[in-house]
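Below you'll find the structure, written out as structure tokens, and then a few comments.
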Amino acid sequence: MPKRIGSSNGQRPIASTFQIVEAYKTIRTNLLFALAPADNKVVVISSAEPNAGKSTVSCNLAITMAQTGAHVLLIDADMRKPSQHKTFRVKKSNGLSRILSGQADVEDCICREVARGLDLIPSGSLPPNPSELLGSDAMVELLDRLSVQYDYIFIDTPPLGVVADSLVLCSVSAGTVLVTRQGQTTYEELQTAIDSVRGVEGNLLGVVISDMRENPRSYGRYEKYHYYKAYDYSYSTAPAETADK
Ligand SMILES: Nc1ncnc2c1ncn2[C@@H]1O[C@H](COP(=O)(O)OP(=O)(O)OP(=O)(O)O)[C@@H](O)[C@H]1O
Ligand SMILES: [Mg+2]
């Protein structure tokens with residue numbers, strides 16, 4: 001029986017909005033500290049297995065970082081199972097895959113101010129060769145170029161234990177945050193993901209445990225349930241029907 005991160009005691013209180021916001025602020029503080037000496041401020045968000053909470057953590061961390069007044073970019077680099085365009089209700093077609101395959105200019109693919117201080121590059125239409133695109137020189141050049149324009153760049157990626165798409169990103173970024181999910185991720189899966197990041201000489205910034213519910217009296221250390229409601233900001237910069245195109 002594989003040992004999983006955290007344990008459910010059957011009583012799983014849902015965190016309050018306060019706890020959620022504080023949890024993200026704590027992660028932000030740790031990130032600011034960890035990234036201070038880094039040359040670039042590109043952060044890869046990944047996980048060992050699917051459904052760990054990467055996309056949720058990516059968008060909320062990006063929003064939380066932008067709330068400091070920093071200019072932040074979120075890139076949806078999960079070209080197999082993208083989701084950020086749905087969260088922010090923008091079209092996905094003009095996005096990363098089109099930039100990397102030379103079909104679109106980066107400036108035309110940036111969705112500006114999807115939240116205050118936050119821009120988004122959606123995944124783009126699903127390409128036949130996502131691994132090759134993410135591992136290409138074009139991706140490294142794109143990050144170099146965008147690093148000049150933004151204070152922080154967060155990259156939402158596919159799970160490391162399923163596809164190796166994002167390993168190249170781990171090696172060129174300032175660091176990687178691994179997201180685990182309470183009761184789901186096994187220690188073995190997490191160790192394998194850590195080894196993969198270190199195997200490409202990536203910098204492991206930390207591990208976030210998502211969907212972790214604990215004693216409501218102990219202010220949550222991590223990200224909790226009903227995350228989007230925690231911020232009460234409007235996604236409605238584009239009509240809802242543009243999502244998932
Ligand atoms: N902390 C949380 N508590 C409860 N549900 C959550 C939490 N974080 C994410 N979820 C839900 O779990 C599902 C998976 O989350 P998310 O899409 O963020 O994971 P992911 O790691 O990006 O998944 P994938 O590997 O498919 O890209 C979504 O339905 C999301 O709403
Ligand atoms: Mg995802």
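Derivation of every value follows stated rules applied to the coordinates shown; laboratory data play no part. This structure is a prediction, so every number in the text was calculated from the model and none was measured. Virtual Cβ from ideal backbone geometry, glycine too; neighbours counted across all protein chains shown.
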Quick one: putting +1 on the C-beta of Lys and Arg, -1 on the C-beta of Asp and Glu, what dipole do you get for the range 17-235 around its Cα centre, in Debye to the nearest 20?
860 debye
At a threshold of 8 angstrom on Cα-Cα distance, excluding pairs fewer than six apart, so keeping six or more, what relative contact order does the range 17-235 reach in percent?
32 percent
Rg/Rh (Cα only; Kirkwood hydrodynamic radius) as it applies to the range 17-235
0.94
Compute the Cα gyration tensor for the range 1-117, then decide on rounded, prolate or oblate, letting a ≥ b ≥ c be the square roots of its eigenvalues: rounded whenever a/c is under 1.5, prolate when a/b is larger than b/c in the other cases, and oblate in all that remain.
prolate
Distance check, please: which entries in Lys54/Lys81; Lys54/Lys91; Lys41/Lys86; Lys3/Lys54 exceed 23 angstrom between their Cα atoms?
Lys41/Lys86
Rounded to whole Hz, the Karplus (6.51, -1.76, 1.60) HN-Hα couplings of the range 66-79, x for glycine and proline:
5, 5, 7, x, 6, 8, 10, 10, 10, 10, 8, 9, 8, 7
How high is the relative contact order of the range 64-144, in percent, counting Cα pairs under 8 Å that sit 6 or more residues apart?
37 percent
Charged-residue dipole, Cβ positions (Lys, Arg, Asp, Glu), the range 1-132 about Cα centre, Debye nearest 20
580 debye
